[in-house]
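Q: Here it is, the structure, as structure tokens.
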Amino acid sequence: VTERALFNGLLLAMFVLAGLVFVALFFMEAPYGRYARHGWGLGLGRRMAWLVMESASPIVFAVCFWSGGHRYTPAMLIFLLMWEAHYIHRAFIYPFSLRGTGGKMPVLIIAFGLLFNTANAYLNGRNLFHFAPEYGSEWLRDPRFIAGAALFVIGFVLNRWADRALRGLRRPGESGYRVPGRGLYKLVSCPNYLGEIITWTGWAVATWSLPGLAFAVWTVANLAPRARSHHAWYRQRFPDYPPQRKALLPGLW
Ligand SMILES: NC(=O)c1ccc[n+]([C@@H]2O[C@H](COP(=O)([O-])OP(=O)(O)OC[C@H]3O[C@@H](n4cnc5c(N)ncnc54)[C@H](OP(=O)(O)O)[C@@H]3O)[C@@H](O)[C@H]2O)c1
């Protein structure tokens with residue numbers, strides 16, 4: 001079996017699994033954060049859990065970059081920068097900025113996250129730096145790159161801002177939940193998830209690649225059902241929750 005055949009099989013599996021996860025998450029919340037509950041076996045503290053799950057992404061992607069064999073064109077370097085800017089923060093900074101004691105994250109979820117991140121970083125990195133034709137300097141002037149990179153930056157900024165706003169709802173040592181109400185939180189319950197979805201949609205467009213598309217689809221499959229659950233949870237828990245606020249898409253859903 002060639003690596004190319006394995007790559008294609010894995011890519012196909014990602015699309016199929018995304019569909020299954022999307023449906024499953026409408027019936028059952030992933031058991032971490034506010035939905036942490038007994039019955040999921042052994043767990044790890046949140047900081048360690050995020051660190052373990054997410055660190056595979058920046059490492060595997062960087063290995064693909066170094067071992068890929070393509071020239072280091074400006075376009076390649078920009079892709080590396082985009083990916084690492086997101087994932088170095090997510091793996092090594094975000095976990096240590098979390099507030100509250102938080103429940104444990106089940107090892108099962110961590111293992112699943114780790115597996116996903118490894119496969120996803122391999123598919124995206126190996127494709128960009130090895131299988132796909134080289135992205136030369138002319139790609140930087142392509143409308144797909146320009147639009148995708150712009151979306152990526154908008155999503156990146158929104159995701160960071162929204163996660164920071166949630167953090168600001170707790171004083172150090174506090175663990176409860178408050179109704180967020182600043183900025184885009186006036187319109188939707190989960191602007192952090194909206195930012196994440198815009199980020200990886202931008203990535204898919206900027207790289208114009210199937211692994212990029214698979215990642216964007218996964219992000220929607222993961223976060224759209226969770227946004228719906230968070231929204232319902234807020235409405236149930238806070239009777240005066242702003243009724244005009246939507247779950248994920250301003251004015252729509
Ligand atoms: N690409 C993907 O597929 C993917 C998948 C999952 C997550 N992510 C990203 O990872 C980040 C974290 O995701 P998450 O699911 O943990 O987000 P989340 O449920 O919104 O929680 C984020 C943090 O804010 C706290 N928090 C949330 N709502 C709060 C409130 N009303 N009052 C006070 N504190 C509140 C949470 O505390 P508790 O932990 O105590 O609830 C947690 O520490 C997000 O940026 C998300 O986009 C990406």
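We did not get these values from a lab; they are worked out from the coordinates using the rules stated. Everything numeric here is computed off the predicted structure, so don't read it as measured data. Note that we place each Cβ from the backbone using ideal geometry, even for glycine, and neighbour counts take in every protein chain shown.
Q: Using only Cα atoms, what Kirkwood radius does the range 1-124 have, in angstroms?
A: Result for the range 1-124, one decimal place: 16.3 Å.
Q: At 4 °C and a viscosity of 1.567 mPa s, what translational diffusion coefficient does Stokes-Einstein give for the range 137-253, taking Rh as the Kirkwood radius over Cα pairs? Give it in µm²/s as a whole number. It would help to have the intermediate numbers written out before the result.
A: On the way: Rh = 15.2 Å.
Diffusion coefficient, whole number: 85 µm²/s.
Q: Restricting attention to the alpha-carbon atoms of the chain, what are Rg (one decimal) and Dmax (integer), both in Å?
A: When restricted to Cα atoms, the chain yields Rg and Dmax of 18.7, 59 Å.
Q: Using the alpha-carbon atoms, what tilt in degrees (0 to 90, nearest 10) does helix 74-88 show relative to the longest principal axis of the chain?
A: 30
Q: What angle, in degrees between 0 and 90 and rounded to the nearest 10, separates the Cα long axis of helix 191-207 from the longest principal axis of the Cα atoms of the chain?
A: Tilt relative to the chain: about 10 degrees.
Q: Please sort 223-229, 123-129 by packing, taking for each peptide the average over its residues of neighbouring beta carbons within 10 angstrom, highest first.
A: For the peptides 223-229, 123-129, the packing ranking is 123-129, 223-229.
Q: What number, in percent, do you get for the relative contact order of the range 98-253 if the mean sequence gap of Cα pairs under 8 Å and at least 6 apart is divided by its residue count?
A: It rounds to 27 percent for the range 98-253.
Q: Between LEU44 and residues 5 or more places away or on another chain, which pairs have amide H atoms under 5 Å apart, with H built 1.01 Å from N, and which residues are they?
A: Counting only residues 5 or more places away or on other chains, the set is MET105, VAL107.
Q: Could I ask something else about it? For the range 1-33 and the range 95-115, what is the separation of their C-alpha centers, rounded to whole Å?
A: Centre-to-centre (Cα) distance: 20 Å.
Q: How tilted is helix 3-25 with respect to the longest principal axis of the chain? Cα atoms for both, answer in degrees (0 to 90, nearest 10).
A: It is inclined by approximately 20 degrees.
Q: What's the ranking of 84-90, 174-180, 164-170 by average number of surrounding C-beta atoms within 10 Å, highest first?
A: Result, highest mean Cβ count within 10 Å first: 84-90, 164-170, 174-180.
Q: Relative to 2.2 N^0.38 Å, what does the C-alpha radius of gyration of the range 16-63 come to as a ratio? Two decimals please. Before the final figure, lay out each step's value.
A: Numbers: Rg = 13.8 Å, N = 48, 2.2 N^0.38 = 9.6 Å.
In units of the 2.2 N^0.38 Å rule of thumb, it is 1.44.
Q: Let me ask something additional. Taking the mean number of other Cβ atoms within 10 Å as a proxy for protection, how do you rank 211-219, 230-238 from highest to lowest?
A: Order by mean packing, descending: 211-219, 230-238.
Q: Oh, and also: What whole-number value in cubic angstrom gives the convex hull volume per residue for the C-alpha atoms of the range 38-104?
A: That works out to 90 Å³ per residue.
Q: Quick one: 3J(HN,Hα) in Hz for the range 153-159, Karplus 6.51/-1.76/1.60 with θ = phi - 60°, rounded, Gly and Pro as x.
A: Calculated HN-Hα couplings, in order: 5, 4, x, 4, 5, 4, 4 Hz.
Q: What is the local net charge at PRO31, summed over the other residues whose Cβ is closer than 11 Å to its Cβ (Lys, Arg +1; Asp, Glu -1)?
A: +2
Q: What spacing in nm lies between the two simple spin-label points modelled at VAL63 and ALA132, each 7 Å away from Cα in the Cβ direction?
A: 2.1
Q: Could I ask something else about it? Figure the gain on full extension for ALA147 and ARG37 (residue separation times 0.36 nm, minus the Cα-Cα span) and round it to one decimal in nm.
A: My answer for the length gained is 35.5 nm.
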